[in-house]
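Take a look at the structure set out below.
The values are calculated or read from the model by the stated rules, or taken from the named source; none is laboratory data. What you see is a predicted model; the values in this text were computed from it and never measured. Here Cβ is always computed from backbone atoms with ideal geometry, including for glycine, and neighbour counts include all displayed protein chains. Protein only, heavy atoms only, side chains kept; ligands, DNA and RNA dropped before computing areas. Shrake-Rupley method; radii C 1.70, N 1.55, O 1.52, S 1.80 Å.
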Amino acid sequence: MIRTRALTKDFVVSRTRTVHAVRGISLDVEPGELVAVLGPNGAGKTTTLRMLTTLIQPTSGTAEVAGYDVVERPDRVRAAIGYVGQGGAGGAAQHVRDELVTQGEIYGLDRRTARARAGELLEALDLTEQADRKVESLSGGQKRRLDVAVGLVHEPSLLFLDEPSTGLDPHNRANLWEHILRMRTAAAEPRTIVLTTHYLDEADTFAERVIVVDGGQVIADDTADALKAELAGDLVTLRVPAEHVADLAAIAERAPGTRSVHVADDFGVRTVEIRTADGPGATPGLLRAADAAGLLVSRVDVARPTLDDVFLGLTGRSLRETGVDGAGPDEPADTPTATAAPTKKEVPA
Ligand SMILES: Nc1ncnc2c1ncn2[C@@H]1O[C@H](COP(=O)(O)OP(=O)(O)OP(=O)(O)O)[C@@H](O)[C@H]1O
Ligand SMILES: [Mg+2]
């Protein structure tokens, strides 16, 4: 469905400054995959999506989408895909339902089908009450839901969603996901979805494949479980009296499956933190060994890793530290919103 090879995008900002937004991305996405793209602000997620949806041309490398080269046959690519950009679409003075019906017709639906789809989407995305209001009167989250509805109205078999859930409250995030998952399985042929998100829990729960992007490159690409097992590991935390810490750390170092041991000082309470491939599996053995050595373990915690631990393991930085997990719709200061946000005209028809 998607095949890119060494795809790059440079933005020449001035005579002396070029932004290397995407630095050689090679990807294959099969029909029916649900892929989440993660990465901090400025990682190159939107730029990649905009190349794949033919809104901007690559600087070098190749990309095929739905079997067509994005540079040679942008018309064919556009006919095969749906795209919900990071910026808002929607004619401000239109009524919400009319906007959806019009967009459906632009995508080639007949009026009856467009009206039926519009009705379903308004219902699914909790916009029925707003259906007869003007787009400009909607709240931020309501507008975002309308953007998503517009991208879904013609039920494309390949869908790109750039931060579809950013700015939505938890109830509407859940609704959106329910709709995305339902829409995906309702189709006769498998529907492929590529989306970006800053909500790590969403990627973890819903995507079968997670692609981590940093500095314009793919730094990891696997299932969330595999990434966590390979790159992070479970965290077992044992609390012992201060005089036992060194002995326990030595035992933990030798235990099967241990990847790293760290002695933490949490406001005077010493704990031994053990990264291990299988926390629940390793813990009984650790406790038996501690007991045999006469060490008094007063507390045990076993935590499964998160995708943030994966990013930390890969880069030494936390996505949370970059302030993007669950971040609002704000653009980073260095992103030129006016050019990065797709305008309505650009939405592939
Ligand atoms: N039109 C443009 N002109 C110049 N620089 C750009 C342009 N569009 C994007 N960039 C730069 O390219 C880099 C990648 O931006 P991009 O929008 O792809 O990041 P992103 O991963 O989508 O980030 P976010 O999580 O903030 O949406 C950033 O440094 C950004 O400032
Ligand atoms: Mg972006």
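Would you mind finding the one in Arg15, Arg76, Arg23 that is basic (Lys, Arg) and at pLDDT 95 or above?
Numbers: Arg15 fails: at pLDDT 95 or above; Arg76 fails: at pLDDT 95 or above.
Sole residue among the options that is basic (Lys, Arg) and at pLDDT 95 or above: Arg23.
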Would you mind stating whether Val148 is away from ligand 1 (no atom under 14 Å from the Cβ), in a strand (DSSP E or B) and crowded, with 17+ Cβ neighbours inside 10 Å? no
Give the residue that is surrounded by the fewest Cβ atoms within 10 Å (Cβ to Cβ), with candidates limited to residues of the stretch 41-57 that are within 7 Å of ligand 1 (Cβ to nearest atom) and within 18 Å of Thr192 (Cβ to Cβ). Lys45
Of (1) open to solvent by less than 10 Å² (accessible area, probe 1.4 Å); (2) within 16 Å of ligand 2 (Cβ to nearest atom), Leu200 fails just (1)
Does the stretch 188-199 contain at least one residue that is among the small types (Gly, Ala, Ser) and either outside the structural domain of Leu121 (by TED's automatic domain parsing) or within 16 Å of ligand 1 (Cβ to nearest atom) (or both)? no
Could you please give the count of residues in the stretch 156-168 that are farther than 21 Å from Thr47 by Cα and out of contact with any strand residue (DSSP E or B) (no Cβ under 8 Å at 6 or more places or on another chain)? 1
For the stretch 209-220, check the following and say yes or no: at least one residue is on the phi > 0 side of the Ramachandran plot and surrounded by fewer than 16 Cβ atoms within 10 Å (Cβ to Cβ). yes
Exactly one condition in (1) more than 21 Å from Arg184 (Cα to Cα); (2) buried (at least 20 other Cβ atoms within 10 Å of the Cβ); (3) more than 16 Å from ligand 1 (Cβ to nearest atom) is false for Thr62; which is it? (2)
Out of all the residues in the stretch 282-300, which are open to solvent by less than 50 Å² (accessible area, probe 1.4 Å) and free of Cβ contacts under 8 Å to residues at least 40 places away in the same chain? Gly285, Ala289
Output the number of residues of the stretch 3-51 satisfying the condition of being part of a loop (DSSP other than H, G, I, E, B), in contact (Cβ under 8 Å) with a residue 24 or more places away in the chain and over 19 Å from Tyr68 (Cα atoms). 6
Could you check the stretch 154-265 for helices (runs of 4 or more DSSP H) lying wholly inside it with 3 or more residues that are among the charged types (D, E, K, R)? 170-186, 200-206, 245-254
Could you tell me whether the stretch 221-239 includes any residue that is closer than 22 Å to Gly281 by Cα, modelled with pLDDT of 90 or more, crowded, with 21+ Cβ neighbours inside 10 Å and β-branched (Val, Ile, Thr)? yes
Scan the stretch 1-41 residue by residue and report those that are β-branched (Val, Ile, Thr) and more than 16 Å from ligand 2 (Cβ to nearest atom). Ile2, Thr4, Thr8, Val12, Val13, Thr16, Thr18, Val29
Restricting attention to the stretch 250-280, which residues are of a type in the set (A, V, I, L, M), surrounded by 18 or more Cβ atoms within 10 Å (Cβ to Cβ) and under 14 Å from Val300 (Cα atoms)? Ala252, Val272, Ile274
Restricting the stretch 42-71 to residues that are of a type in the set (A, V, I, L, M) and closer than 12 Å to Asp162 by Cβ, which is nearest to ligand 2 (Cβ to nearest atom)? Leu49
